[in-house]
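Here the structure is laid out as structure tokens; the discussion comes afterwards.
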């Protein structure tokens, strides 16, 4: 897959994730994923573990994403590291909104 295709696919996956559509994310993660999430002490390893935890999670949050900056680093001709940087606005049912500076690293 070409670099631009990897970047566009990565952006699509995370954009769908923040629309609460997790299918593209789950379809594209590795069995040995390491998830270091935005919540304090949120670290999970393994696709099945991640899917079980998220299947049990229910929420009424919505999200808005800011502009995404993308960078591709290729430490080896067969490896691509896609780095995404963006703001995420979390909208709570109470009407409150918070903003977080997010970074995402795909290998």
Which listed residue is touching a residue at least 60 places away in the same chain (Cβ under 8 Å) and part of a loop (DSSP other than H, G, I, E, B), from 38, 93:
38
Subset of segment 57-73, residues touching a strand residue (DSSP E or B) at 6+ places or on another chain (Cβ under 8 Å) and without any contact (Cβ under 8 Å) to a residue 60 or more places away in the chain, comes to 61, 62, 63, 64, 65, 66, 67, 68, 69, 71, 73
Any hit, segment 12-22, residues being part of a helix (DSSP H, G or I), under 20 Å from residue 81 (Cβ atoms) and in contact with a strand residue (DSSP E or B) (Cβ under 7 Å, 6 or more places away or on another chain)
yes
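Here is a yes/no grid of residues against (1) surrounded by 10 or more Cβ atoms within 10 Å (Cβ to Cβ); (2) under 18 Å from residue 26 (Cα atoms); (3) modelled with pLDDT of 85 or more:
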{"position": "37", "(1), (2), (3)": "yes, yes, no"}
{"position": "41", "(1), (2), (3)": "no, no, no"}
{"position": "51", "(1), (2), (3)": "yes, yes, yes"}
{"position": "60", "(1), (2), (3)": "no, no, yes"}
{"position": "66", "(1), (2), (3)": "yes, no, yes"}
{"position": "81", "(1), (2), (3)": "yes, no, yes"}
{"position": "97", "(1), (2), (3)": "yes, no, yes"}
{"position": "102", "(1), (2), (3)": "yes, no, yes"}
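The values are calculated or read from the model by the stated rules, or taken from the named source; none is laboratory data. In this text, all values refer to a predicted model and were calculated from it rather than measured experimentally. Cβ coordinates were reconstructed from backbone atoms using ideal geometry, including for glycine residues, and neighbour counts include every protein chain displayed.
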